[in-house]
Amino acid sequence: MKVATWNVNGIRARQAQVQEFIEREQPDVLCLQEIKATSDQLPVWLCDMEGYWCYWHGTKGYSGVALHVNKARCAERPAFAHPEFDYESRIVTADVGGITFASVYVPNGGKDFPAKMRFLDALREYTGALHAAGRGLVLCGDLNIARTDMDVHPKERKPRAIGQLPEERALLEQIIANGLVDTGRALEPDNDEIFTWWAPWRNMRQRNIGWRLDYVLASRAVFDRVQGCSVLREFGTSDHGPVVATFRAID
């Protein structure tokens with residue numbers, strides 16, 4: 001089973017790349033963030049991609065998430081839903097084979113940091129409730145927090161920068177503590193060159209001077225089936241790179 005997440009930073013600018021990505025990777029579950037569009041702004045072929053159950057949840061020019069499930073993995077259209085704390089089109093979930101998959105786009109916090117903290121706190125409660133109920137979860141997306149200093153290139157480390165603040169990191173740790181595993185970091189605990197976002201100037205991406213902001217967080221039972229997790233740094237023109245995790249079949 002292949003799970004992919006990608007902040008596309010505008011689906012209309014990246015629609016051909018999304019199609020290329022799907023054809024190349026053929027993910028079972030695809031989570032997109034920052035789509036910046038409503039479904040009526042997208043071509044029909046994109047809204048109803050062949051072989052996928054598609055769900056677009058966006059607003060014009062801002063935020064937005066999408067969640068697509070391969071029909072080979074799920075014969076019937078899954079129930080897509082939004083937790084009560086969703087605002088600005090930032091989270092969509094689907095239940096597939098006994099597992100809840102979530103595509104999440106956490107607020108950046110630059111314009112309204114308290115709103116970011118409220119969203120994170122609600123996400124902590126949500127993941128805690130699923131964990132207490134014994135529900136498997138794969139939470140994917142742009143969480144807009146670099147988990148530790150290792151997740152920021154030394155040239156970009158700024159103790160008081162939003163995305164690196166102790167209070168943000170503390171909430172992220174509480175979310176992960178709800179029975180989740182940070183798949184990429186768990187597989188490469190000592191790799192200090194894993195980044196998923198690069199500022200779009202001074203060849204930061206080519207030089208790999210970035211932040212790790214995009215995650216696949218998986219319940220322990222799912223993580224125990226993990227085969228790999230990688231960042232496709234060279235793919236696409238978004239300022240984020242896709243993250244792809246593979247697991248042995250989850251039935």
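Quick look at the values:
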read-out	value
Cβ-based charge dipole, the stretch 109-251, positive-most Cα from L172, N208, A186	N208
Sequence-separation-based contact order of the stretch 94-216, relative, with Cα cut under 8 Å and 6+ spacing, percent	29 percent
Note, ³J(HN,Hα) from phi for the stretch 56-61, Karplus 6.51, -1.76, 1.60, rounded to Hz, x at Gly and Pro	10, 9, x, 10, 5, x
Surface share of carbon and sulfur [accessible, 1.4 angstrom probe, percent] for the stretch 46-197	50 percent
24 Å Cα-Cα threshold exceeded, pairs from K36/K111; K60/K111; K36/K158; K60/K155; K2/K71; K2/K60	K36/K158; K60/K155; K2/K60
Calculated [θ] (222 nm, deg cm²/dmol) that DSSP helices of n ≥ 4 give over the chain, each run adding -39,500 (n - 2.57)	-7000 deg cm²/dmol
Net charge over other residues, Cβ less than 11 angstrom from the Cβ of Q33 (K, R count +1; D, E count -1)	-1
Charge sum, other residues only, whose C-beta stays under 15 Å from G184's C-beta, Lys/Arg counted +1 and Asp/Glu -1	-3
Cβ charges +1 (Lys, Arg) and -1 (Asp, Glu), total dipole of the stretch 170-251, debye	180 debye
Dipole in debye (nearest 20) - the stretch 98-248, about Cα centre, beta carbon charges: Lys, Arg +1; Asp, Glu -1	160 debye
Integer Hz, Karplus 6.51/-1.76/1.60 couplings in order for the stretch 25-36, x for Gly and Pro	8, 6, x, 6, 9, 10, 10, 10, 10, 6, 6, 6
For the chain, accessible area per residue (1.4 Å probe, heavy atoms of protein chains only), Å²	43 Å²
Max mean-square fluctuation residue, GNM over the chain, Cα-Cα springs under 10 Å, options I99, I194, I145	I99
Note, ³J(HN,Hα) from phi for the stretch 16-21, Karplus 6.51, -1.76, 1.60, rounded to Hz, x at Gly and Pro	5, 5, 4, 4, 4, 4
Charge sum, other residues only, whose C-beta stays under 10 Å from F101's C-beta, Lys/Arg counted +1 and Asp/Glu -1	-2
Rg to Rh quotient for the chain, alpha carbon positions, Kirkwood Rh	0.93
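The values are calculated or read from the model by the stated rules, or taken from the named source; none is laboratory data. Note that this is a predicted model, so its numbers are computed, not measured. Neighbour counts are summed over all protein chains in view; Cβ atoms, including those assigned to glycine, are modelled from backbone coordinates with ideal geometry. Quick note on the areas: whole protein, heavy atoms, side chains included, nothing else; ligands and nucleic acids left out. Shrake-Rupley method; radii C 1.70, N 1.55, O 1.52, S 1.80 Å.
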